[in-house]
Amino acid sequence: MQVTKTTTLGETVALNEPLAPASSQQHGKVQVSHGTGRRWPLSRWLTLLTFAVLLALPVLLAVLDNSFLLTLVSRCMIYGIAAISLNLILGYGGMLSLGHAAFFGIGAYVVGITAQNFMYGTALMEWPFELAASNDAIVVWPVAILLSALAALLIGAISLRTSGVYFLMLTLAFAQMIYFIFVSLDQYGGDDGMNLMSRNTLLGLDLDNDLTFYYVCFGCLLLIYLLVQRLIAARFGMVLRGCKQNEQRMQAMGFPTYRYRLMAFALAGAGAGLAGALIGNQMEYVSPNLLHWKMSGELMVMVLLGGLGTLLGPLWGAFAFLLVEDVLSGITEHWMLFFGPFLILVVLFAKGGIYGYLIRKEQP
Amino acid sequence: MSTTDTPWALEARGLVKRYGQLVATDHADICVAKGELHALIGPNGAGKTTLIKQLSGEIFSDQGQIRFHGADITRMPIHQRAHRGLVRSYQITSIFEEMSVIDNVALAVQALQGHSFRFWRPAASDARLREPAFRCLERVRLAHRASVLAGNLAHGEKRQLEIAMTLAAEPSMLLLDEPMAGMSPEESGQMVELLQALKGEHSILLVEHDMDAVFSLSDRLTVLVYGKPLVTGTAAEIRNDQRVREAYLGEEAA
Ligand SMILES: Nc1ncnc2c1ncn2[C@@H]1O[C@H](COP(=O)(O)OP(=O)(O)OP(=O)(O)O)[C@@H](O)[C@H]1O
Ligand SMILES: [Mg+2]
C-alpha cells in the first residue's frame, strides 16, 4: 500500500514501513483518514513548475530578445544556491549563522585569483611547490567548493561550541575577519576588488555565452536542490532536524550532536562556495563586498522571505529579493526604504515566507 | 576494569553536585543490582533529578565515581553512556514536537545503528528504523497514534512516547524520572503494568512520587533527603523506618 504523510519538510514522502500485517492495517487506516491519499501535494507541483519555468525561460526571452533578464535570472539562481545552502543550517539545523557570506566570498575569490594569475601567466604559489593557475571550471570550481567547506569546517569547529546569540556573534566575527583579510590583499585589488578578463571555460564550453552560462547555473541549482532534498530526508537530515528541536534529547539518545552539526555547517559552506564561484563568473568581477556581513544578512533575508526550513523557499526568496531590488533600485536610490516595509508585510502576514505560506497546510 | 564479576549494574559512590552554595547531591552512594528495579524517592527538591542527570551524564559530578557494569564512566559523555546501554527518560516531557510520533521513536532507534552520516536513502522508508520503532510504540500502546504529530498528543500520550523513545535505545538500564507525572489514574495503571513487564529485562532506577506504584514495583528503595540518601532497603523496611516516617512519609504513614 502506498501511503503518504506530511513531514516537517512540507514535502510529502512515502511511508512504506513494512510492518507486521495486523498492525500495518491499523496503521494504514490512521494514515488514510489523514486524507492526503495519492494526490500530489502543492509543494511538488510548485517545485515542478518552478524548474519548468526556469528551464523554458531562455526560449521565451530569446523570442522577446531580452538578454538583460537572462542575466538577472542567472543571478537569482546563483543567489538561490547560496540561500538554499544557508537554509540547510538556518532552517533545518537551527543554527543562526551571520557569516555565510564568508564562504560565498571565498568561492568567488578562488575564481578571481586563479583568473588573474592565469591571465598574467603567473603561478598561484611558488612554495612549497609551484602551482600554475587553471582556467577550467572543472578544476577551479571544485577547489572553490573545497576551500569554502574547509573554511566552514574551521569556523564551525569553534563557533559550534556555543549557541544562540553567541554563535551568531562568532560567525559574524570570523566572517568579518576574512573580509578584512581580502581587503588587505592589494595584489588582488584590495578594497576595489578585481575584474576578470573572461569567464572560466567548462570542458570546452564557452561560459562567456550568456545562454550557456544560464544553463550551467540551472544545472548547478537543480543538483544542489536535489542533493539537499535527499540529505534532508535521509538519516543525516533526521539528526539535523532533531538537533534543532531538542539537542539535549539527541545527546541523551546517543547522538554526538556536535559532529553532525559541524558536518552540516561544512556542507552549507561548500554550497555557498559553489554559488560564489558562479557569481564571480557571472559578474566577471570579484570584490570584498561579497564577503561583507551585509551579504550574510541579505542571504538570511532571502531565506526568511521565501520560507525558512522549506526546500524551495530560499530559491523563491532569492528571486523575490533580487527582482524587487532590481525594480525598486531602478526607480529610486533609496530602494531599501520601500523594500523594508515589503519585508515587514511578508513577515507579518505571510508567516513562514512566501513559499512557506502557500504550502502552510502541508506543514504541521 | 572487569565488567563481569560485579553484582551491580550501576554503582555510584560519593557523588557530589553543587549549584553555588546549594549542595544538590551530597556525597550520595547508590547501587542498583543487575535486573533490579530500584526506586528513588524523596520530597520535592531532594535532588532526584539532579542525581539522574549525573548518572546519565547530562551533567558531570563535582566529586565521586560512577561505575556501569564495572566500568568507570565518571567522565564519559552522555551519548557514549547511551551507547553502553544507560539511558534516561525525562520528568518534563522531552520529545521532538515537530516530528511524527513514529519519527520520534525512529530517531531513537537510529542512534543505535552506527553513525548517521548517511545522506542518500530516505529514513522514512527504512524498515530497519521503522519496524523496531513501531514495536516500541506497540509496547507502550501508542501504535495507533504513530503518524500523529508528537506536539499534538495528549499529555499522557506524550509520557508514553517518552518511554517508547527510551526503550528504543535497547538499554540494559533505564533511568526513569517520574514516568507517571501528570498521568490520569487509568494511564498510571497502564504504566505500572508496563514497568512490571520491563522489570527483569532491564535494570531500572525509578524516580516516582506515586507511592502505591513505587511500593508495588520496587525490589529496593532509596530515600533521598537534601541530596543525601537517608536509607536504602526493601519496601517493608522503608515503610517501618522511623527516620523515613519523620523525614518524608510524615502524614501518610502516621
Ligand atoms: N541548574 C540548577 N541550578 C541551580 N539549582 C538547581 C539546578 N537544578 C536543580 N537545582 C536545585 O537543586 C535542588 C534539587 O533539584 P532536583 O530537580 O534535583 O529535585 P527533585 O528531587 O528532582 O525534585 P522534584 O521532586 O520536584 O522533581 C533544588 O533545590 C533545585 O532548586
Ligand atoms: Mg525531579
*Within chain B, what's the longest stretch lacking trypsin sites (Lys or Arg not before Pro) that sit in DSSP loops with no more than 14 other Cβ atoms inside 10 Å?*
B:76-254
*A:L55 versus A:E333: modelled label distance in nm, points set 7 Å from Cα along the beta carbon direction*: 4.5
_Please compute the modelled spin-label separation between B:Q242 and B:Q80, points set 7 Å along Cα→Cβ, answer in nm with one decimal._
4.7
*Grab the beta carbon distance between A:L203 and A:S163, set R0 = 56 Å, and tell me the FRET efficiency rounded to 0.05.*
0.85
*Going by how many other Cβ atoms sit within 10 Å of their own, how do B:M211, A:M194, A:M253 line up, fewest first?*
B:M211, A:M194, A:M253
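Given an 8 Å cut-off on Cα distances and at least 6 residues of separation, report the relative contact order of the stretch A:127-240 as a percent. Spell out each step's value before the answer.
On the way: 40 pairs, mean separation 25.4, N = 114.
Once normalised by length, the contact order is 22 percent.
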*Around B:T74, which amide H atoms from residues at least 5 apart in sequence, or from another chain, sit under 5 Å from its own amide H, with H modelled in the peptide plane?*
B:I66
*Computed FRET efficiency, Cβ-Cβ of A:L211 and A:W45, R0 22 Å: what is it to the nearest 0.05?*
0.20
*asked:* Could you check the spin-label model distance between A:K294 and B:F117? Points 7 Å from the Cα along Cα→Cβ, value in nm.
replied: 3.9
*Tell me, which longest segment in chain A has none of the trypsin sites (Lys or Arg not before Pro) that fall in DSSP loops with at most 15 further Cβ atoms within 10 Å?*
A:162-350
*Within chain A, what's the longest run with no GluC sites (Glu not before Pro) in a DSSP loop and at most 11 other beta-carbon atoms within 10 Å? Give the range, please.*
A:131-332
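Can you sort A:L196, A:L240 so the residue with the fewest Cβ neighbours within 10 Å comes first?
A:L196, A:L240
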*What percent does the relative contact order of the stretch B:93-169 come to when contacts are Cα pairs within less than 8 Å and at least six residues apart?*
50
*Counting alpha carbon pairs within less than 8 Å and at least 6 residues apart, what relative contact order, in whole percent, applies to chain A?*
29
*So what are the ³J(HN,Hα) numbers for the stretch B:15-25, from phi and the Karplus equation (6.51, -1.76, 1.60; θ = phi - 60°), rounded to whole Hz, Gly and Pro as x?*
6, 10, 9, 10, 10, x, 6, 6, 9, 6, 10
*Gyration tensor verdict on the stretch A:155-229 (Cα atoms; rounded if a/c is under 1.5, prolate if a/b is larger than b/c, oblate otherwise)*: oblate
*Would you please give the residues with an amide H less than 5 Å from that of B:A33, counting only those at least 5 places away or on a separate chain, with H modeled from the backbone geometry?*
B:A9
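Every number in this text was worked out from the coordinates using simple rules, so none of it is lab data. Computed from a predicted structure; not experimentally measured. Because the Cβ atoms are built from the backbone with ideal geometry, glycine has one as well, and the counts that use them run over all protein chains shown.
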